[in-house]
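Asks: Provided herewith is a single structure, encoded as structure tokens, for subsequent inquiry.
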Amino acid sequence: MKTRLYTKMKVAGTAALALFFAASCSDILDEQPRSSYTPDFFNTERGVEGGITSMYAHLRNIYGQAYYYNSCLTGTDEATYAQSADGNFKDADLSGVGNLNASTSRSDAIWGESFSNINTANGVIQNGTAAGVAESLLAEAHFFRGFDYFNLVQTFGGVPLDLGSGELAFNITAVRTSVRNTVPEVYTRAIFPDLLNAVENLPDNPRVTGGVCKTVARLFLAKAYLTYGWWLENPNNIPTYPECQRTDPDGHDANWYFQQAYNIAVEGINNPGPYSLQEYYYDIHLGSNDRNSEIMLYADHTQEDEYYNGGSLSYGSGGAPDNFAGWMMNWNYTNMQAIGVKADGSEVTINPLRRVAEQAYGRPWTRMCPTLGVITETFADKTNDSRYDGTFTTVYRANWSKELAAEGYQYVKNANGLRVNEGEPILTFLFEEPDTEITYPTGGGENTMGAGTLPGRADYVVNPRGISRLMYPSLWKLGPYRTDNGTGPGQPNAGSTRPFNIAKFSELYFVAAEAAVKGATTQSGMTARDLINVIRARAGKWRWSNSGNCEKIEDHSAEMIAATPTTIDIDYILAERSREYYGEGYRWLDLVRTQKWREVAGTYEICGDQAGDHTPQTFTRTIEDFHYLRPIPQGQLDAMTMSDAEKAAYQNPGY
């Protein structure tokens, strides 16, 4: 039985890395509180192992951190800002309601956090062999250094390889100057060598549950090859920074990298180690099935212990390392009202939907919402394809007894004055446009949210083109799951104690398919269409209906495969990726990699932010070429003792 990997101990930095404005600090599995590390600590086996453990902990400061999560989605075709959004979300939308700049971009979350971890990896790698640490363990440090540099180069362009003590060297000197390397230098000197080392030296199976192994490294190496191939090809002439020729120092062209991406991804599929696809899409995100065979890397949390969870179990801080991303695309369903009827016939207006720590509900923040296109185009097929039902909460059921059991309400009068019992639908976001026109009030009375009615239905309804910045299907897949709620609401205000998923086995199929579309020579039975149909066939299999809250044994795999185009292109790959990974934080990177951002997300539709507003409006985003790189954070610039001209040259153009 494998050890479960939990990390918590907060310690001072391994190096005085003043260059990077976030303090260099690590979370390590260590029973002895330690206020600081000395450089000599990495000369011990215990120090090296502690540094490696901290690399897993650093994931919690990035993944599940809602403001970074927002930067990966808001402004794409998947998400826009919702009714309660502040500047963090409006700035990212690029639709004229905010200003994305070096001070407002929330991609700052990965800058300091990643460089801090990179320096820890530098120390581990530099000292590990002398400390007698096995190559397989050092390969974990190589993986995370490659992983962090890959995140950085996709987001900011070229970044520094020298943190103050030499290229990829452990830095123990406070420095306040910096030189950025070019994109090809970062890939060929850091990302590829590190991930190749990880593929070669990591074990076939993780040493601990949640640890990395060969298949995880293969996925990220294949993604890096694929992304760099696109960068070399540069189909839409997007500028890079620091400026350089789009040529590979090793003399390879884009096609070579696409072929490598395909080969490595297929190798991962054929040599899965402990990973496999879940039989049903629903099961991937089911809270009781977390850390299943499809999940290859995650930022872990637990409800068992606050120390190892990395945050409170009873309230949310609204900051890392809490996992609070799931709050963002969750509208305020608790504002729905109905008339509660007691046994004696007395009536009182109540909120029949209570905030509970259950996957379909959770804590509402109303900061982000899906665009209309997500509901009507991305998930157009809601009959055969299980992924819409397995992604969103579309039916909200009365649960007043979670908090109001003592009040003795027997039922509530809801839409059309009809009776709704505990557990029955209060509100439904319809899958399809109804044949009968919905009656929408402007709000008021019990229907303060302005939801619609249909004749004979006791639940309020919203049609697919009626979702708004105020009301929309929430993201079920990121909802909380706890087993300590008892008969009450549990702790819905706490950060989620679920792991935040980072990488899935299914993505090997998508990477190989995309590389094939870009011209890679394919193996028998593994064309782009073959690979995508593995995913689509799985999506056609149902075992449970979230909307119906009941078992649903249906297999529409044949229909899903039949609907797949004969020729797969990049637009279809992107559409399938959105259906598979909607709301998980992939989209901005996908659209930047393929240079499709402006084409796919330049306009979007959504209804307004007032109760009863269900009239779609079209919004236009101003997506310039320079937006394909995020700005270097202002905190980084402020921390450097360089001239204004040097700082301006360090910043990405346009910011």
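Every number in this text was worked out from the coordinates using simple rules, so none of it is lab data. None of these values were measured; they are calculated from a predicted model. Note: ideal-geometry Cβ built from the backbone for every residue, glycine included; neighbour counts use all protein chains shown.
Asks: Taking only DSSP H segments of four or more residues, each worth -39500 (n - 2.57), what value at 222 nm results for the chain once the sum is divided by all its residues, to the nearest 500 deg cm²/dmol?
Replies: Calculated from helices alone, the mean residue ellipticity at 222 nm is -9000 deg cm²/dmol.
Asks: For Tyr298, which sequence-distant residues (separation of 5 or more, or a different chain) have an amide H within less than 5 Å of its own amide H, given hydrogens modelled in the peptide plane?
Replies: Sorted by chain and number, the residues that satisfy this are Ile502.
Asks: Need one number: the % of Cα-Cα pairs in the range 196-338 sitting beyond the 19 Å mark.
Replies: 69
Asks: Still on this structure, please answer the following. Considering the options Tyr409, Cys369, Thr393, tell which one lies farthest towards the positive end of the dipole of the range 360-422, charges being +1 on Lys and Arg and -1 on Asp and Glu at the Cβ, about the Cα centre.
Replies: The residue sitting most towards the positive pole is Tyr409.
Asks: Ranking Cys244, Cys369, Cys607, Cys72 by Cβ neighbours within 10 Å, fewest first, what do you get?
Replies: In order of increasing Cβ crowding within 10 Å: Cys244, Cys607, Cys72, Cys369.
Asks: Which shape class applies to the range 341-468: rounded if a/c is under 1.5, otherwise prolate when a/b exceeds b/c and oblate if not, where a ≥ b ≥ c are the square roots of the Cα gyration tensor eigenvalues?
Replies: Judged from the Cα gyration tensor, the range 341-468 comes out prolate (a/c at least 1.5, a/b above b/c).
Asks: Within 10 Å of each residue's Cβ, count the other Cβ atoms and sort Trp256, Trp327, Trp542 from fewest upward.
Replies: Taking fewest neighbouring Cβ atoms as first place, the list is Trp256, Trp542, Trp327.
Asks: Moving to a separate point now. What list of ³J(HN,Hα) couplings, whole Hz, do you get for the range 276-285 from phi and the Karplus terms 6.51, -1.76, 1.60, once you set θ to phi - 60° and write x for glycine and proline?
Replies: 6, 6, 5, 5, 10, 4, 3, 6, 4, 10
Asks: Still on this structure, I have one more. How much FRET efficiency would the formula 1/(1 + (r/R0)^6) give for Arg46 and Cys244, where r is the Cβ-Cβ distance and R0 is 51 Å, rounded to 0.05?
Replies: 0.75
Asks: Let's see if you can work this out: charge +1 on each Lys and Arg Cβ, -1 on each Asp and Glu Cβ, no other charges. What is the dipole magnitude of the range 42-123 about its Cα centre, in debye to the nearest 20?
Replies: 160
Asks: Any idea how far the Cα center of the range 396-455 sits from the one of the range 551-628, in Å?
Replies: 30
Asks: Sticking with this structure for a sec: Please list, in order along the range 617-631, the HN-Hα scalar couplings obtained from phi with the Karplus expression 6.51 cos²θ - 1.76 cosθ + 1.60 (θ = phi - 60°), rounded to whole Hz, x for Gly and Pro.
Replies: Along the range 617-631, the couplings run 10, 9, 10, 10, 9, 9, 10, 8, 4, 5, 5, 5, 10, 7, x Hz.
Asks: Dipole of the range 95-172 (Lys/Arg Cβ +1, Asp/Glu Cβ -1, origin at the Cα centre): which of Gly158, Ala102, Asn122 lies farthest to the positive side?
Replies: With unit charges placed on the Cβ atoms, the residue in question is Ala102.
Asks: By the gyration tensor of its Cα atoms, with a ≥ b ≥ c the square roots of the eigenvalues, what is the shape of the range 417-538: rounded for a/c under 1.5, prolate for a/b over b/c, or oblate?
Replies: Oblate is the answer for the range 417-538, as a/c is 1.5 or above yet b/c matches or exceeds a/b.
Asks: For the chain, find the longest principal axis of its Cα atoms and tell me its angle to the long axis of helix 135-156, 0 to 90°, nearest 10.
Replies: Once rounded, the angle reads 70 degrees.
Asks: Okay, moving on. Holding the Cα-Cα limit at 25 Å, pick out from Lys402/Lys477; Lys518/Lys596; Lys214/Lys596; Lys413/Lys552; Lys477/Lys541 the pairs that are longer than that.
Replies: Lys214/Lys596; Lys413/Lys552, as the Cα separations exceed 25 Å there.
Asks: List the lysines whose alpha-carbon lies under 29 Å from that of Lys647, not counting same-chain residues fewer than 8 positions away?
Replies: In chain and number order, the partners are Lys90.
Asks: Another question, then. If you place +1 on the Cβ of every Lys and Arg and -1 on the Cβ of every Asp and Glu, how big does the dipole about the Cα centre of the range 522-655 come out, in debye to the nearest 20?
Replies: So the magnitude is around 360 debye.
Asks: Mind sorting Ser401, Ser386 by how few other Cβ atoms lie within 10 Å of their own Cβ, fewest first?
Replies: Ranked by crowding around the Cβ, least crowded first: Ser401, Ser386.
Asks: Still on this model: Between the helical axis of 507-517 and the dominant principal axis of the chain, each derived from Cα atoms, what acute angle in degrees is found, rounded to the nearest 10?
Replies: Compared with the principal axis, the helix lies near 70 degrees.
Asks: Given N residues in the chain, what is Rg(Cα) / (2.2 N^0.38 Å)?
Replies: 0.97
Asks: Semi-axes of the equivalent ellipsoid for the range 76-170, please: Cα gyration tensor eigenvalues, times 5, square-rooted, ordered largest first, whole Å.
Replies: Taking √(5λ) for each Cα gyration eigenvalue gives 37, 14, 10 Å.
Asks: Please list, in order along the range 638-655, the HN-Hα scalar couplings obtained from phi with the Karplus expression 6.51 cos²θ - 1.76 cosθ + 1.60 (θ = phi - 60°), rounded to whole Hz, x for Gly and Pro.
Replies: Computed from phi, the couplings for the range 638-655 are 5, 7, 9, 8, 10, 5, 4, 5, 5, 5, 4, 6, 6, 6, 5, x, x, 10 Hz.
Asks: Which three extents, in whole angstrom, do the alpha-carbon atoms of the range 358-418 cover along their principal axes, largest first?
Replies: Rounded to whole Å, the extents work out to 44, 27, 19 Å.
Asks: Moving on. I'd like to know which of Ser314, Ile284, Phe258 lies farthest towards the positive end of the charge dipole of the range 251-316, counting +1 on Cβ of Lys and Arg and -1 on Cβ of Asp and Glu.
Replies: Phe258
Asks: Taking the Cα centre of the chain as origin and charging only Cβ (+1 Lys, Arg; -1 Asp, Glu), how large is the dipole, in debye to the nearest 20?
Replies: In debye, rounded to 20, the chain gives about 580.
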